[in-house]
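Engineer: One structure, as structure tokens, below. Some questions next.
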Amino acid sequence: TTTLTVTNGVSADSTFSWQTITCSMTGLSETATVVWNNPTGSVITSTQNDYTIAVGVASEGAQDSVLSIGITALTALTTTSPFTCVVTSGEYADSEASSNTMTLTTLTFAVEPKPMEVKEATPAVLSCVITGITEVLSAASWTDSSSDVALTDGDDFTIVAGTYDPGSNSQTTTLTVTNGVSADSTFSCKVSSTEWIKVDEKTSVSLNVFDVTFEDKAVSTAQPQTITCSM
């Protein structure tokens, strides 16, 4: 039997570091012959730039053939690209080959700020959604507009780096401004990603405020009345 797996257990990869696709075979009597085809159907050779192939050797009936794809090849791919491993029995050369295809989805790194507008002096939660990743961020921090020094957890702020979500290839980091602010303010999330070679990628997030005023009012019940909330 043959199955296709990808490093980290997902078929979505970034385009800033070498990626690997593994063709895993079981139930073998001898080492199988493995050929890899690129998205156009052409055979990939180990002499091609930005591709390396480790065919593997059968051990206790199992064999892994690993295709490594370099940065140049990755960036040339479309968003979804099929790769195929073609396996032929090493014991019975006349056996029909088995083809197994998987789709490699290339991702784009992005940071989406989530600004907020709340009543002044009201707690607010700001967030940055980082997409296009296949592993947890190496670092996530927050700063305010007046300084590039990282904010710390305390009475005024609560910072959550967030966890990696493999289902959406994303991670969300949040900043809770516990006591709110009295005027429009700007904070920034700073994130680092090993796989994307990003260090302290900075994105501004706005926290705008408004005020609400109203007055108690005594009215008669003989006719319609109005109550005004002014912002």
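The values are calculated or read from the model by the stated rules, or taken from the named source; none is laboratory data. Small disclaimer: the values here were computed from a predicted structure and weren't measured. Heads up, the Cβs are rebuilt from the backbone with ideal geometry, glycines too, and the neighbour counts pull from every protein chain shown. The protein model used for the area step is the full one, side chains on, heavy atoms only, and it has no ligands, DNA or RNA in it. Shrake-Rupley method; radii C 1.70, N 1.55, O 1.52, S 1.80 Å.
Engineer: One residue is enough: does the stretch 192-200 have a residue meeting the conditions open to solvent by less than 70 Å² (accessible area, probe 1.4 Å), part of a strand (DSSP E or B) and β-branched (Val, Ile, Thr)? It would help to see each step written out before you state the result.
Structural biologist: Of the residues in the stretch 192-200, the ones open to solvent by less than 70 Å² (accessible area, probe 1.4 Å) are 192-193, 195-196, 198.
Then drop every residue that is not part of a strand (DSSP E or B), which leaves 192-193, 198.
Next, from what is left, pick out any that are β-branched (Val, Ile, Thr): none.
Scanning the stretch 192-200, I find no residue that is open to solvent by less than 70 Å² (accessible area, probe 1.4 Å), part of a strand (DSSP E or B) and β-branched (Val, Ile, Thr), so the answer is no.
Engineer: For the stretch 144-169, which residues satisfy the criterion of being touching a Phe, Trp or Tyr at 6+ places or on another chain (Cβ under 8 Å) and not β-branched (Val, Ile, Thr)?
Structural biologist: Result: 144, 145, 150, 151, 157.
Engineer: Is at least one residue of the stretch 141-161 under 30 Å from residue 26 (Cβ atoms), open to solvent by 30 Å² or more (accessible area, probe 1.4 Å) and in contact with a strand residue (DSSP E or B) (Cβ under 9 Å, 6 or more places away or on another chain)?
Structural biologist: The answer is no; no qualifying residue exists.
Engineer: Out of all the residues in the stretch 156-201, which are within 14 Å of residue 126 (Cβ to Cβ) and in contact with a Lys or Arg (Cβ under 8 Å, 6 or more places away or on another chain)?
Structural biologist: Within the stretch 156-201, 180, 188, 189, 190, 191 meet the criteria.
Engineer: State which residue is most open to solvent (accessible area, probe 1.4 Å) when the search covers only the stretch 162-191 and only residues that are part of a loop (DSSP other than H, G, I, E, B) and polar (S, T, N, Q).
Structural biologist: By that ranking, first place goes to 163.
Engineer: Looking at 64, 50, 94, which is the one that is acidic (Asp, Glu) and in contact with a strand residue (DSSP E or B) (Cβ under 6 Å, 6 or more places away or on another chain)?
Structural biologist: 64
Engineer: Restricting attention to the stretch 102-122, does a residue exist that is under 17 Å from the mean Cα position of the chain (by Cα), surrounded by fewer than 16 Cβ atoms within 10 Å (Cβ to Cβ) and not in a strand (DSSP E or B)?
Structural biologist: The answer is yes; a qualifying residue exists.
Engineer: Give just the number: which of (1) surrounded by fewer than 15 Cβ atoms within 10 Å (Cβ to Cβ); (2) among the charged types (D, E, K, R); (3) part of a loop (DSSP other than H, G, I, E, B) does residue 135 not satisfy?
Structural biologist: Condition not satisfied by residue 135: (1).
Engineer: Let me ask something else about it. Does the stretch 78-101 hold any residues that are within 26 Å of residue 164 (Cα to Cα) and part of a loop (DSSP other than H, G, I, E, B), and which are they?
Structural biologist: Keep residues of the stretch 78-101 that are within 26 Å of residue 164 (Cα to Cα), which gives 78-82.
Hits for the stretch 78-101 are 78, 79.
Engineer: Test residue 152 against the criterion of being farther than 30 Å from residue 20 by Cα and in a loop (DSSP other than H, G, I, E, B), and give yes or no. Full working, then the answer.
Structural biologist: Values: farther than 30 Å from residue 20 by Cα: yes; in a loop (DSSP other than H, G, I, E, B): yes.
Criteria met by residue 152.
Engineer: May I ask you to list pairs of residues, at least six apart or on different chains, whose Cβ atoms are under 6 Å apart, with the first in the stretch 36-62 being acidic (Asp, Glu) and the second being open to solvent by less than 50 Å² (accessible area, probe 1.4 Å)?
Structural biologist: 50/70; 50/73
Engineer: What number of residues within the stretch 139-196 are free of Cβ contacts under 8 Å to residues at least 60 places away in the same chain and not polar (S, T, N, Q)?
Structural biologist: Looking only at that region, the number is 23.
Engineer: Could you count how many residues in the stretch 38-69 are closer than 16 Å to residue 97 by Cβ and either modelled with pLDDT under 90 or open to solvent by less than 30 Å² (accessible area, probe 1.4 Å) (or both)?
Structural biologist: The number of residues fulfilling the criteria is 4.
Engineer: Which of the residues belonging to the stretch 72-84 are open to solvent by 70 Å² or more (accessible area, probe 1.4 Å) and either farther than 16 Å from residue 105 by Cβ or touching a residue at least 12 places away in the same chain (Cβ under 8 Å) (or both)?
Structural biologist: So in the stretch 72-84, the residues open to solvent by 70 Å² or more (accessible area, probe 1.4 Å) come out as 72, 75-76, 78-80.
Scanning the stretch 72-84 gives 72, 75, 78, 79, 80.
Engineer: Quick one: what pairs do we get from the stretch 17-29, first residue open to solvent by less than 20 Å² (accessible area, probe 1.4 Å), second at pLDDT 85 or above and among the polar types (S, T, N, Q), C-beta under 7 Å, 6+ apart or different chains?
Structural biologist: Short answer, once both residue conditions are applied: 23/65; 23/100; 25/63.
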